[in-house]
Structure formats: C-alpha cells, structure tokens
Amino acid sequence: MSSNVHDTGPPSRPRQARGRAVRWGVPIAALAVIAAAVGTGPVIAAVQGDPALPERTAEQLLADVARSGLSGGMPPMSGTVLQTSSLGLPALPAGTTDPASPLSLLSGAHEVKVWYGGADRQRIALLGRMSESNLIRNGDQVWLYESSGNTATRLKIADSLLREHGNLATPPTAKAVPTDLTPQAFAAQAIDAIDDQTTIGVSSDVKVADRPAYQLTLAPKSADSLVKEIRIALDGENRVPLRFQVYAKDSIEPAFEFGYTSVTFTPPAPENFTFTPPAGAKVQERTIGERELAEAAKGLGEDDAHAGSLPEGLTVQGDGWTSVAVMRVSPGDLQGRGGEGDANNVAQSVLSAAKQVSGPWGSGRLVRTKLITVLLTDDGRMLAGAVRPEVLYEAAGRK
C-alpha cells in the first residue's frame with residue numbers, strides 16, 4: 001500500500017470560484033435536520049491490492065482535481081451510482097417517504113443513473129421501487145419526467161440566467177430529482193472545506209467500479225468530531241471522483257456513501273439526451289429565472305457571493321468539523337405539525353429516539369446517531385452537528 005499523511009494542514013492548490021462553495025457546517029446542519037430517515041444498505045464494493053498507479057502526493061492530487069471535474073472539465077461519461085446510509089436509527093416505515101424526495105436518500109440504498117455528454121448535455125435518473133424520475137438537458141431543451149404521475153415538465157431557463165450562469169448543468173429548482181447525486185458533487189464540498197484542522201492521507205491501492213483509483217482521506221484532528229474520516233476515491237486516469245464515503249468513529253462501514261458501481265468514460269449515445277413525452281402524459285411548462293435561483297441558493301446555504309448567507313433562522317457556531325448549527329423551533333415543529341408529509345415523518349422519528357438530558361445550559365432532549373447529534377432544548381432551540389453531545393451542551397450555554 002502506498003500512502004502518505006499530512007498533519008500540518010491543507011496543501012496549497014488551485015482554487016476557482018464555484019457556484020457552490022459550501023462550508024462544512026452547512027451540509028452537516030442540513031443532514032441534522034433530516035437525519036432520522038435512515039437505514040442500512042450494502043456497502044459499495046472496493047478492491048484493494050498491489051498499487052497500480054504512480055505515487056502522487058495530496059497536493060498533486062488536489063491540483064489534479066481542480067483541473068478536472070471540479071473545475072468544469074469533466075470528461076464525457078456515464079454510469080450507475082449507488083447511495084447508502086447507515087446512521088444508526090431505525091428506518092422509517094415502508095412507504096412513508098416519497099422515493100423522489102431528497103429525504104428518501106437518507107434511508108436505505110438508492111440507485112442513480114448518470115449520463116454526461118458535456119456542459120449542455122446531461123441526464124440524471126433516480127430509480128425507485130416502482131417509479132423513475134428523469135431530469136434531462138439537451139442544449140436549451142430541459143425536461144423533468146416523473147413516471148409515478150406520468151407527468152412531463154418542460155423547464156425553460158431564463159435568458160438572463162443563462163447569460164450569468166451559462167454552465168448550469170440543471171435547473172436549480174427541479175426538486176423532484178436532486179441534481180447533485182454524484183460523488184463529484186459531494187467531493188467538491190468536502191475538498192472545498194479542507195482547513196488546518198484536517199489531516200490528509202493518500203493511498204493508491206483502491207479499485208472502484210473496476211477502475212484503479214487514488215484515495216484521499218480527510219480526517220479531523222479534533223477529538224470532538226464524530227467523523228472518523230472522509231474517503232474520496234479519484235479515478236486513476238482522469239481524477240474524476242468515483243466514490244465519496246463518510247465514516248463515523250468506531251464504525252467499520254460508511255455512515256454515508258455515494259459511489260459508482262459501474263462507469264464508462266466514453267461519450268454517451270445521443271439518444272440518451274432526447275425526450276418525447278409518452279402517450280397520455282400530462283405535459284406542462286415552467287420557466288426558471290433569477291428569483292428561483294435566489295430562493296434555491298438561500299435554501300442551500302451558498303457562499304456570501306450568492307444569496308448572502310445561511311437559511312433564514314439558522315446560525316452556525318464554530319467552524320470546520322466541530323461546527324454546530326443552531327435554529328429556533330416551535331412546539332409545532334417538534335411535534336411534526338404544519339409541514340410536508342416527509343418532514344413530519346422525520347420529526348416524529350427523531351423524537352422517538354430522543355432521551356431527556358439537562359445541565360447548566362438548561363434541559364431538553366438529545367438524539368444521537370453514529371454521525372449526527374441533535375439537541376432539542378426546552379426553550380425552543382435545535383442544535384445539531386457531527387460532534388459529541390458535550391459540544392452541543394457548551395453551545396447551548398451560549399444564549
């Protein structure tokens with residue numbers, strides 16, 4: 001096994017302004033809000049053996065990544081992605097979560113098919129048990145098709161949006177099919193969040209989807225984090241991320257994983273990007289403009305250059321691996337009332353796993369998973385992070 005570890009912080013690397021430079025604390029906060037809908041699924045197979053690739057340092061690999069997929073230069077490709085979650089809470093009862101909802105991705109195993117033919121030709125298919133949702137872009141033609149309701153929506157991107165964000169792969173508000181369902185998207189967030197509290201390791205003895213790969217390992221230096229490490233497998237030939245894994249401490253399987261089970265780096269056939277609504281489909285149109293982009297950016301917590309800051313009512317204490325998301329919640333929120341069905345199911349599942357706790361900070365209920373800890377205080381706050389409970393208690397004391 002060929003490996004090297006850096007303990008002195010992140011190496012320098014080319015940085016380009018991306019549309020979504022997300023801080024580590026923000027995705028952790030989002031996961032904490034919906035982390036009850038969890039289950040277990042098969043771990044994506046990886047093969048270790050004799051090194052088949054030239055040695056590369058972490059600095060060299062990060063520079064390679066910046067020049068490849070994360071900087072907009074991803075080669076044409078197609079493949080099948082498997083996503084699994086195993087956070088340590090009981091799964092929701094079967095049928096209570098819409099398979100097309102992003103919340104469903106926090107439960108069990110899910111398969112996504114991806115075709116990438118260039119900046120203006122992409123397709124993502126989210127496969128359910130008895131349904132399939134497709135988001136297809138072919139030049140200025142963008143379609144969203146949901147087989148469960150036999151509904152086809154033509155999405156038109158406003159000219160002003162295209163001029164300012166000409167490299168938009170998919171419309172930002174196509175909620176039925178989450179558009180960041182690739183290891184590349186998750187790797188981009190993790191790599192962007194590397195700081196001086198991160199230890200970086202490299203190995204070159206991994207295979208993913210039968211392709212030799214380098215593996216970057218990102219680990220927190222702080223003992224307060226519940227994250228053991230993040231592993232990012234990079235294709236040995238073109239450095240495209242093939243797999244993204246988050247391991248919790250004291251766990252031998254990933255708590256969260258996104259990875260290719262098969263992948264081909266050749267241009268997909270043109271017919272993969274053509275779409276004609278099937279007979280009997282309900283056809284509708286929708287235009288995506290600047291207002292929708294701003295709303296999507298606000299909800300996703302983009303950087304200061306895009307929509308300002310964090311979602312309304314959410315603050316973050318600390319930074320990096322031990323950041324804590326804090327937001328006010330109403331009694332109705334805690335009872336799972338007033339929201340959509342999936343959100344209600346999640347809230348109820350969270351509460352069912354909570355235990356009573358108290359301290360100098362006050363009293364409330366604590367939910368612990370392998371990767372996420374959530375504190376619901378009796379004075380109407382929710383604190384969440386990938387941290388030990390003591391970190392949340394300390395944050396709760398800073399009223």
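The values are calculated or read from the model by the stated rules, or taken from the named source; none is laboratory data. Owing to the predicted nature of the structure, the values given are computational and were not obtained by experimental measurement. No Cβ is skipped: glycine too gets one built from the backbone with ideal geometry, and neighbour counts run over all protein chains shown.
Which count do you get for residues in region 199-224 that are surrounded by 24 or more Cβ atoms within 10 Å (Cβ to Cβ) and hydroxyl-bearing (Ser, Thr, Tyr)?
Looking only at that region, the number is 1.
Out of the residues in region 365-387 that are surrounded by 23 or more Cβ atoms within 10 Å (Cβ to Cβ) and of a type in the set (Gly, Ala, Ser), state the one that is nearest to Ser330 (Cα to Cα).
If we take residues in region 365-387 being surrounded by 23 or more Cβ atoms within 10 Å (Cβ to Cβ) and of a type in the set (Gly, Ala, Ser), then Ala384 is nearest to Ser330 (Cα to Cα).
When you scan region 203-221, how many residues do you find that are touching a strand residue (DSSP E or B) at 6+ places or on another chain (Cβ under 7 Å) and either part of a loop (DSSP other than H, G, I, E, B) or of a type in the set (Lys, Arg) (or both)?
So the count comes out to 4.
Filter region 379-399 down to residues that are over 13 Å from Val367 (Cα atoms), basic (Lys, Arg) and under 27 Å from the mean Cα position of the chain (by Cα), then give me how many there are.
Qualifying residue count, region 379-399: 1.
When you go through (1) in contact (Cβ under 8 Å) with a residue 24 or more places away in the chain; (2) surrounded by 15 or more Cβ atoms within 10 Å (Cβ to Cβ) one by one for Gly280, which number turns out not to apply?
(2)
So the check is Cβ under 8 Å with 6+ separation or different chains; which pairs have a first residue in region 79-94 that's farther than 13 Å from Val114 by Cα and in a loop (DSSP other than H, G, I, E, B) and a second one that's among the aromatic types (Phe, Trp, Tyr) and at pLDDT 55 or above?
Hits for this filter: Ser86/Phe256; Leu87/Phe256.
Being over 22 Å from Phe256 (Cα atoms) and in contact (Cβ under 8 Å) with a residue 24 or more places away in the chain is the filter here; which residues of region 353-368 pass it?
Of everything in region 353-368, those that are over 22 Å from Phe256 (Cα atoms) and in contact (Cβ under 8 Å) with a residue 24 or more places away in the chain turn out to be Val357, Gly359, Pro360, Trp361, Gly362, Gly364.
Kindly list the number of the only condition in (1) closer than 25 Å to Gly128 by Cβ; (2) at pLDDT below 90; (3) part of a loop (DSSP other than H, G, I, E, B) that fails for Leu168.
Here Leu168 meets the rest and fails (1).
Checking Asp180 against (1) among the acidic types (Asp, Glu); (2) modelled with pLDDT under 75; (3) in a strand (DSSP E or B), which test does it fail?
(3)
Taking the stated definitions as given, is Gly149 modelled with pLDDT of 85 or more and surrounded by fewer than 21 Cβ atoms within 10 Å (Cβ to Cβ)?
yes
Report those helices (runs of 4 or more DSSP H) wholly inside region 302-399 carrying at least 2 residues which are modelled with pLDDT of 90 or more.
Hits in region 302-399: 389-396.
If I filter region 94-112 for residues that are more than 30 Å from Thr57 (Cβ to Cβ), charged (D, E, K, R), buried (at least 22 other Cβ atoms within 10 Å of the Cβ) and at pLDDT 75 or above, do I get at least one hit?
no
Out of all the residues in region 369-399, which are charged (D, E, K, R) and either under 14 Å from Asp224 (Cβ atoms) or without any contact (Cβ under 8 Å) to a residue 40 or more places away in the chain (or both)?
Matches in region 369-399: Asp378, Asp379, Arg388, Glu390, Glu394, Lys399.
Mind listing whichever residues of region 222-274 are touching a residue at least 40 places away in the same chain (Cβ under 8 Å), in a loop (DSSP other than H, G, I, E, B), over 30 Å from Arg368 (Cβ atoms) and among the hydrophobic types (A, V, I, L, M, F, W, C)?
Selection gives Val240, Phe265.
Out of all the residues in region 239-257, which are aromatic (Phe, Trp, Tyr) and either outside the structural domain of Arg137 (by TED's automatic domain parsing) or under 20 Å from Leu61 (Cα atoms) (or both)?
Within region 239-257, Phe244 is the sole residue that qualifies.
Could you check how many residues of region 279-291 are touching a Ser or Thr at 6+ places or on another chain (Cβ under 9 Å) and assigned to a loop (DSSP other than H, G, I, E, B)?
Selection size over region 279-291: 2.
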